[in-house]
Amino acid sequence: MGDHLDRRREEEILEAEQQVYPPPEHITASANVSPEDYERFRQQGTEDPVSFWEDRAHEMVDWFEPWEKVLDDSNPPFYRWFVGARTNIAYNAVDRHLETWRRNKLALIWEGEPGDTRTFSYYRLCREVNRFANILKGMGVQRGDRVTIYMGRIPELVFAMLACAKIGAVHSVVYGGFSVEALAERIEDAQSRVLITADGAWLRGKIVRLKDIADEAVKRSPVVETMIVVKRTGQEVYMETGRDFWLHELQQLPIASGYCETEVMDAEDPLFILYTSGTTGKPKGVLHTHGGYQVGIATTLKWAFDIKEEDRWWCAADPGWITGHSYIVYGPLILGATSFMYEGAPNYPYPDRWWRLIEHYGITILYTAPTAIRGLMRFGDAWPNRRDLSSLRLLGTVGEPINPEAWRWYYRVIGKERCPIIDTWWQTETGNFMITPLPVTPLKPGSATFPFPGIIADVVDEEGNSCGPDEDGYLVIKHPWPAMLRTIYGDPDRYVEQYWSKFREQGWYLAGDSARKDKDGYFWIIGRIDDVIKVSGYRLGTAEVESALVSHPAVAEAAVIGVPDELKGNVIYAYCILREGAGAGPDIEEELKQHVRHEMGPIAVPARIEIVDRLPKTRSGKIMRRVLRARAMGLPEGDLSTLAD
Ligand code: WTA
C-alpha cells in the first residue's frame, strides 16, 4: 500500500480535504431525495441492507411474479437476489411505458457526428426493439444464447441490446474502439453464433471500418454463423452470402413484425456478459442478471442524478462499457427518462461540439469522465463561454479519480457554480454506483464522498482492520448488493479467486483499488492496486497489451506499465525484448504500435515502446513492474533485494 509513486494524488487530497462545497439551495429544495430522507436511507441501508433493497425493488421496477426471498446467501460468494421472482429488464425499460402517457415521450435523442439526427419516442423505441427481436428469433437465437454486438454509438446498438434482453438472449457488447484480436477473443469466450455489427462508424470525420475488423475477427473465431450488419457509413463492404445480412433488408421481411412477446425471465437469469480487464490473462466476462441489476441501476440513477420527467440526460460514455450499459441504455429507460446520445468525438469539427449539443438540445445533466473534462479544458474557457449552458443543473464524472483542478474548472466554467458534481465510483463488476454523492451532499473536489445507501464500503489494512483517517488501504465492500456481478462467465473459480479470496474469512468483496477516508468520513480513491491501467478512463490490462505485443513475430518478451499522464490519467509504456535474428527493421517501435492498434485498438497503443535486452524480474521470474515504473518516472527504485540480477 501507499505506493510512493502516488505522491501527487496524496498532496491533492490533503489540500482538497479542507474545501467543502455545500449543495445549492435550489437543488436541495427539489431533490428526489431530501437531506432528511438521505439520512434515513443511509441508516436503513447500513442497519439492514436487505430490507433497504427490498423496498427499492418494490418501488423502482415491476415484477411478473414476486420473490420468495430477497437474498439467498447460503452459498457465498455466489449470492442470489430476489429469489424466485419473474421479470424482464426490457419490460421495465420499454414495454411498461407504453401503458402510460410516456408512450409519446422521447426516449432517445441522437445526433451523428456528421450532424444527422434521429429521435425515438417510447412507442417507436418499442417497435424498433420488437422488430430487432423478431429478426434475432428468425435467425434462430434462443433464450440463453450469446449474441456479440460490435458497433459505434448509434441507436441500433441500443435496440440490439434491448432486443436480446427481450427474448432472453445474453448480449456481449464489445466496444467499437477495440480491434481484431480483442473482438475475436470475446466472441470465442462467449461462443456467440450471431454477431451484430455495422459497416463503419464515424470518428473525427473518418470512417472506422468495423465490418472489415469483424470479418477478420470471425476468421479467427469461426463460431459466428450469422452477421447482421447495420448500414451507417455507406462505403463498400464485403458481404458473405449466407452469413452476412443487412439489417435494413431483414427489416423488410415478414419476420420483422412490430410485435414480439417479452420472455418471462427468472430474476437470476443472465442478462449480459461484459468483458473487462483483470490482473492476469485474458479479459474476464463479467456476468450480470435481469433482476437485481435493474433495481440497483434505477435506484442509483434516480437518486444520485436526481432524474426527473423533464430532464434531458446525457451520459457521454460509450454503450460498449459498463457506464453505457447501466446509464445510457437500461437505467434511464427504466426511469422513463429522455436520453441523449452523440456518435462522435467531443472536439469535432471544433472544440465546442459538446457545448453546442448542450445548448441545442437543452441538456440538463451531463455525465462524463475526467479525461474528457481535461481534454476540453485545454482548449480554454472561450469555447464553452460562447454557448448557453444554463439548461445544466447537475454534472457527473466517472472512470478515474478527478484531479481537483479539473473538478474546479468543470464546476466553475461548465456548471457556473450552480451544478453539484456527482463523482461516482464504481466498476463493471459492481453494476451500479457504489460511492457517490447525492445532489444534497456537501462536496469536496476529487472525493466520491460516501457509499450509496445500502452499500457497506470500507477501507481496510492487510488484516482487515478499518484504516484510520488519511490512512491508505484496500477498498472493500462488506455486504452483497443486488447489482453485483454473479460470476465470471465460464470461470467461477476465477470469480472467487479474484474478488473474494483476499478477505475470504470476512466474506468481503475486494475492489482492486486503494483508497482512504478523511477525518470527515469522505472516501478518496487513489488508484488500482493490480495490473489494471486506466487510460483515458478506459480499463486495460497489462497482460492483454503484453500478449498483443508478443504476438508480433519480432517480440520475444514484453512488459507493460501505466505511467501518470496530465491528460489521459495514465499512458502505457512498453518494454520489449526482441527475438534474435527476427530481422526487426529500424522502425520497429512504430511497427509494434501499428501492430497493437490492429490487434487491440487505438486505446491500447503504448505512448512509448522501448527495446531492451533484459527486464527486471524476481528470482521466480515475475516481472517487477514497480521497478519499471520507478525508472520510467525517474524515481527511486526502492527495495531491489528480490531482483534476480
Ligand atoms: C476506477 C467504470 C476514481 C477505479 C465505471 C475502478 C474511479 C475502475 C472512479 C473501474 C471514480 C471508476 N473515482 N476512480 N469516480 N470510477 N474508477 O470497470 O479504479 O471500467 O476500480 O468501471 O475505474 O473501471 P470500470
Checklist entry - To the nearest 10 square angstrom, how much accessible area does residue 467 have with a 1.4 angstrom probe? => result 20
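Tell me the carbon and sulfur percent of the accessible area for the range 571-611, rounded to whole percent, probe radius 1.4 Å. Don't skip to the end; give the middle numbers.
Numbers: 940 of 2040 Å².
Carbon plus sulfur share of accessible area: 46 percent.
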Next on the checklist: Between residue 643 and residue 32, how high is the FRET efficiency from 1/(1 + (r/R0)^6) when r is the Cβ-Cβ distance and R₀ = 51 Å? Nearest 0.05.
Outcome noted: 0.40
Item to check | Distance histogram for the range 501-596 (every C-alpha pair counted, 5 angstrom bins, percent rounded to whole numbers) | outcome: 2, 11, 17, 17, 15, 12, 9, 6, 5, 3, 2, 0, 0
Checklist entry - Distance in nm between label sites at residue 613 and residue 382, each 7 Å beyond Cα in the beta-carbon direction? => result 5.3
Checklist entry - Between residue 14 and residue 589, what FRET efficiency comes out of the Förster formula 1/(1 + (r/R0)^6) with R0 = 60 Å and r the beta carbon distance, rounded to 0.05? => result 0.95
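Restricting things to alpha carbons, find the Rg to Rh ratio for the range 291-428 using the Kirkwood radius for Rh. Write down the numbers at each step before the final one.
Values: Rg = 14.2 Å, Rh = 15.1 Å.
The Rg/Rh ratio comes out at 0.94.
Give the peptides 68-78, 512-522 in descending order of average Cβ contacts within 10 Å, highest first. Before the final figure, lay out the partial values.
On the way: 68-78: 14.6, 512-522: 18.5.
Ranked by mean Cβ neighbours within 10 Å, highest first: 512-522, 68-78.
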Item to check | Cα centroid of the range 108-180 to Cα centroid of the range 1-74, whole Å | outcome: 31
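Which chymotrypsin sites (Phe, Trp or Tyr not before Pro) from the range 306-404 combine a DSSP loop assignment with at most 15 other Cβ atoms within 10 Å? If you can, show how the numbers build up before the last one.
On the way: sites: 313, 314, 321, 327, 330, 340, 342, 354, 355, 361, 367, 379; in loops: 321, 379.
Qualifying residues, ordered by number: 379.
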Item to check | Cα point-scatterer Debye curve for the range 84-240, base-10 log of I(q)/I(0) at q = 0.09, 0.12, 0.16, 0.17 Å⁻¹ | outcome: -0.30, -0.53, -0.92, -1.02
Checklist outcome for this item: Per the range 606-645, sqrt(5λ) over the Cα gyration tensor eigenvalues, sorted largest first, in Å, gives 18, 14, 8
Checklist outcome for this item: Here, residue 51 and residue 496, labelled 7 Å along Cα→Cβ, have an inter-label distance in nm of 3.3
Item to check | Taking the convex hull of Cα positions in the range 64-140, its mean projected area over all directions (nm²) | outcome: 8.8
Item to check | Solvent accessible area, Å² - residue 25, 1.4 Å probe, full protein context | outcome: 150
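Give me the one-decimal Kirkwood hydrodynamic radius in Å for the range 45-84, with the sum taken over alpha-carbon pairs. All intermediate terms of the calculation are to be shown ahead of the outcome.
Working: mean 1/r = 0.0919 Å⁻¹.
Kirkwood radius, the range 45-84: 10.9 Å.
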Item to check | FRET E, pair residue 40, residue 505, Förster distance 30 Å, beta-carbon r, rounded to 0.05 | outcome: 0.40
Next on the checklist: Nearest 5 percent is fine: what portion of the DSSP beta bridges confined to the range 514-642 is antiparallel?
Outcome noted: 85
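Ignoring ligands, DNA and RNA, please state the percent of accessible area on the range 189-321 from carbon and sulfur, probe 1.4 Å.
Numbers: 2590 of 4880 Å².
Result for the range 189-321: 53 percent of the exposed heavy-atom area is carbon or sulfur.
Return the calculated 222 nm mean residue ellipticity for the chain, to the nearest 500 deg cm²/dmol, obtained by summing -39500 (n - 2.57) across DSSP H runs with n ≥ 4 and dividing by the residue count.
Working: 20 runs with 180 residues, N = 645.
Computed ellipticity for the chain at 222 nm equals -8000 deg cm²/dmol.
Length gain on complete extension for the stretch residue 635 to residue 7, per 0.36 nm per residue less the alpha carbon to alpha carbon distance?
Details: separation 628, 0.36 × 628 = 226.08 nm, distance 1.13 nm.
Gain on extension, residue 635 to residue 7, equals 225.0 nm.
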Item to check | Straight-distance crosslink candidates among lysines, where the alpha carbon sits under 26 Å from residue 231 and sequence neighbours closer than 8 are dropped | outcome: 137, 166, 206, 211, 219
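Highest mean first, how do 581-589, 155-163 rank when packing is the count of other Cβ atoms within 10 Å averaged over residues? Intermediate values should be presented prior to the final figure.
On the way: 581-589: 11.9, 155-163: 25.6.
For the peptides 581-589, 155-163, the packing ranking is 155-163, 581-589.
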Item to check | Debye intensity ratio I(q)/I(0), log10, the range 1-123, q values 0.10, 0.11, 0.21 Å⁻¹ (C-alpha model) | outcome: -0.70, -0.82, -1.13
Item to check | Solvent-accessible area per residue for the chain (1.4 angstrom probe, square angstrom) | outcome: 37
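Give me the percent of the accessible area of the range 476-516 that comes from carbon and sulfur atoms, probe 1.4 Å, all protein chains in place. Walk me through the intermediate numbers first.
On the way: 670 of 1460 Å².
About 46 percent, which is the carbon plus sulfur part of the accessible surface.
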Checklist outcome for this item: Mean Cβ-within-10 Å packing, highest first, puts peptides 409-422, 495-508 in the order 409-422, 495-508
Next on the checklist: Compute the distance from the alpha-carbon center of the range 278-309 to that of the range 191-258, in whole Å.
Outcome noted: 28
Next on the checklist: Using alpha carbons only, how many angstrom separate the centre of the range 436-463 from the centre of the range 374-398?
Outcome noted: 25
Checklist entry - Extent of the chain along each principal axis, from alpha carbon coordinates, in Å, largest to smallest? => result 70, 63, 58
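The values are calculated or read from the model by the stated rules, or taken from the named source; none is laboratory data. What you are looking at is a predicted structure, and each value in this text was computed from that prediction instead of being measured. Cβ atoms come from the backbone with ideal geometry, glycine included; neighbour counts cover every protein chain shown. In case anyone asks, the SASA skips ligands and DNA or RNA and just uses the protein heavy atoms, side chains included. Shrake-Rupley method; radii C 1.70, N 1.55, O 1.52, S 1.80 Å.
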